[in-house]
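The values are calculated or read from the model by the stated rules, or taken from the named source; none is laboratory data. Computed from a prediction, not measured in an experiment: that's the story for all the values here. Cβ atoms come from the backbone with ideal geometry, glycine included; neighbour counts cover every protein chain shown. Heavy atoms of the whole protein, side chains included, go into the accessibility calculation; ligands, DNA and RNA do not. Shrake-Rupley method; radii C 1.70, N 1.55, O 1.52, S 1.80 Å.
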Amino acid sequence: MSTSTSQFSQEKIRSICSEFAVYGDFLLAVPFGTGHINDTFQVTYDQGGVRLHYILQRINHVVFPHPDQVMENIDRVTTHLLNKIRSRGEETRKRTIRLLRTATDQPFVRDGNDDFWRMYIFVENARSYDVFATPEQAYRTARAFGEFQCDLVDLPGGRLHETIKDFHNTPKRIDALLSAIAENKVGRVAGVEREIEFVLNRRDEAERLLQLHAAGAIPERITHNDTKANNILIDDVSGEGVCVIDLDTVMPGLALYDFGDMVRSGTSSAEEDEVNLDLVEMRFDLFEALLKGFLSSADGFLTEVERECLPFSGKLITLETGIRFLTDHINGDVYFKTHRANHNLERCRNQFKLVESIERQLNQMNSLLR
Ligand code: ADP
Ligand code: GN1
Ligand code: MG
């Protein structure tokens with residue numbers, strides 16, 4: 001079972017923070033954001049009368065079995081991004097997250113409970129959105145994620161660690177669902193027959209991107225793999241997608257996973273856990289904005305087959321995410337943070353409603369692309 005952010009006392013957090021090279025006096029830490037995985041705090045320091053913020057995170061080591069490898073990846077990626085941004089003469093303050101280091105020059109602290117903690121400079125005057133309000137936000141986000149992929153094309157130092165194996169392997173996600181059903185650990189299979197049938201009816205399509213990859217038609221790239229709407233910070237003033245965050249899953253992957261997850265989380269008319277499914281639809285205007293935004297930065301490197309699969313990837317990743325929520329519900333809510341009973345099941349039903357909405361609009365999405 002995952003731990004709760006609220007279980008950590010101010011004293012505990014103060015003591016972790018004291019190991020990082022931060023000047024000034026620790027004032028307080030408050031839980032921050034709506035992420036499903038890590039424990040995130042906004043920490044406030046007083047530095048000579050000026051209040052400064054940082055992000056402190058405990059890495060979820062149930063989800064990430066090798067936090068040291070996660071940190072090695074993030075250190076390499078953020079260093080590379082910083083060099084790129086500097087070489088273009090752009091302002092570095094907001095364009096990438098930046099890790100703080102400890103007195104012994106480590107990018108993380110490992111405490112006595114084997115928990116890994118890291119600290120980032122807090123990006124001010126920008127915020128993340130769970131649901132996009134405007135096509136402009138969708139456009140800026142997709143453009144920024146495309147730029148992110150572009151910037152990582154020449155990352156030196158060999159292949160990144162796979163921080164979660166087979167993360168977007170949809171057939172394996174279906175296998176995991178079938179194992180969960182067979183084990184039925186907490187007796188929840190009765191009650192989700194319709195959702196299981198929904199998945200089995202779409203099983204054939206789950207292999208498509210992996211088959212194209214195996215046939216050499218879609219290359220491996222360095223991808224973000226968790227491009228949900230709230231994993232980018234949008235500037236409060238310029239509206240620009242300034243900073244890609246949540247880099248735990250940056251690893252080898254397919255560009256289509258990133259576009260697909262943007263469609264999943266960035267085109268919905270409602271929150272991911274909205275229970276009134278009448279409110280859940282794929283907004284075509286937001287899809288159009290995502291497509292234009294992504295192509296504005298990624299068209300130069302996408303292959304023809306990758307381009308063709310952009311609309312389909314949205315359907316696939318939405319289905320896959322629904323499968324993951326369903327599996328976690330059946331397993332007793334051990335992976336995603338939940339805040340109420342049946343939360344994962346509600347998220348699953350929401351995602352499957354979105355899949356249906358995407359299916360209805362897929363022809364139109366493909367026409368737009370052409
Ligand atoms: P999780 O893996 O649990 O989703 P995230 O890394 O996405 O955690 O962080 C959770 C939230 O914290 C983000 O959605 C964002 O609002 C905020 N956040 C994370 N890093 C920063 C940062 N460097 N500056 C400002 N806000 C941040
Ligand atoms: C998790 O960490 P967060 O909240 O940004 C999950 C994603 C899911 C998403 C669904 C490491 O993302 O894969 O798509 O929830 N991250 C991990 O909201 O599993
Ligand atoms: Mg996140």
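Does region 309-326 contain any residue that is farther than 27 Å from Ile222 by Cα and assigned to a helix (DSSP H, G or I)?
The answer is yes, given that some residue of region 309-326 is farther than 27 Å from Ile222 by Cα and assigned to a helix (DSSP H, G or I).
Exactly one condition in (1) of a type in the set (Lys, Arg); (2) under 25 Å from Asp235 (Cα atoms); (3) not in a strand (DSSP E or B) is not met by Lys12; state its number.
Only one criterion is unmet by Lys12, namely (2).
Pick from Asp248, Asp258, Asp235: which is in contact with a strand residue (DSSP E or B) (Cβ under 7 Å, 6 or more places away or on another chain), farther than 14 Å from Phe145 by Cβ, within 16 Å of ligand 1 (Cβ to nearest atom) and not aromatic (Phe, Trp, Tyr)?
Being in contact with a strand residue (DSSP E or B) (Cβ under 7 Å, 6 or more places away or on another chain), farther than 14 Å from Phe145 by Cβ, within 16 Å of ligand 1 (Cβ to nearest atom) and not aromatic (Phe, Trp, Tyr) holds for just one of Asp248, Asp258, Asp235, which is Asp235.
Quick one: is Ile174 more than 30 Å from Ile85 (Cβ to Cβ), of a type in the set (A, V, I, L, M), over 16 Å from the mean Cα position of the chain (by Cα) and open to solvent by less than 20 Å² (accessible area, probe 1.4 Å)?
yes
For region 130-182, which residues satisfy the criterion of being among the β-branched types (Val, Ile, Thr) and part of a loop (DSSP other than H, G, I, E, B)?
Val131, Thr134, Val153, Thr163, Ile164
Name the single residue that is least open to solvent (accessible area, probe 1.4 Å) among those in region 235-273 being in a loop (DSSP other than H, G, I, E, B) and at pLDDT below 95.
Among those that are in a loop (DSSP other than H, G, I, E, B) and at pLDDT below 95, it is Gly239.
Does Ile59 fit the bill of being away from ligand 1 (no atom under 14 Å from the Cβ), touching a strand residue (DSSP E or B) at 6+ places or on another chain (Cβ under 6 Å) and among the β-branched types (Val, Ile, Thr)?
So Ile59 does not fit the description; no.
Could you say which residue among Leu82, Leu28 is closer than 17 Å to Cys243 by Cβ, surrounded by fewer than 17 Cβ atoms within 10 Å (Cβ to Cβ) and not assigned by TED's automatic domain parsing to the domain that holds Ile245?
Leu82
Being touching an Asp or Glu at 6+ places or on another chain (Cβ under 8 Å) and either under 21 Å from Arg140 (Cα atoms) or buried (at least 24 other Cβ atoms within 10 Å of the Cβ) (or both) is the filter here, so list the residues in region 274-289 that pass it.
Ala289
Could you please give the count of residues in region 118-165 that are open to solvent by 20 Å² or more (accessible area, probe 1.4 Å), within 16 Å of ligand 2 (Cβ to nearest atom) and either over 16 Å from the mean Cα position of the chain (by Cα) or over 29 Å from Arg101 (Cα atoms) (or both)?
3
Does any residue of region 197-204 turn out to be in contact (Cβ under 8 Å) with a residue 60 or more places away in the chain, open to solvent by less than 50 Å² (accessible area, probe 1.4 Å), touching a Phe, Trp or Tyr at 6+ places or on another chain (Cβ under 7 Å) and within 16 Å of ligand 3 (Cβ to nearest atom)?
The answer is no; no qualifying residue exists.
Within region 282-304, is there a residue that is in a loop (DSSP other than H, G, I, E, B) and polar (S, T, N, Q)?
yes
Does any residue of region 217-234 turn out to be open to solvent by 70 Å² or more (accessible area, probe 1.4 Å), outside the structural domain of Arg98 (by TED's automatic domain parsing) and among the aliphatic types (A, V, I, L, M)?
no
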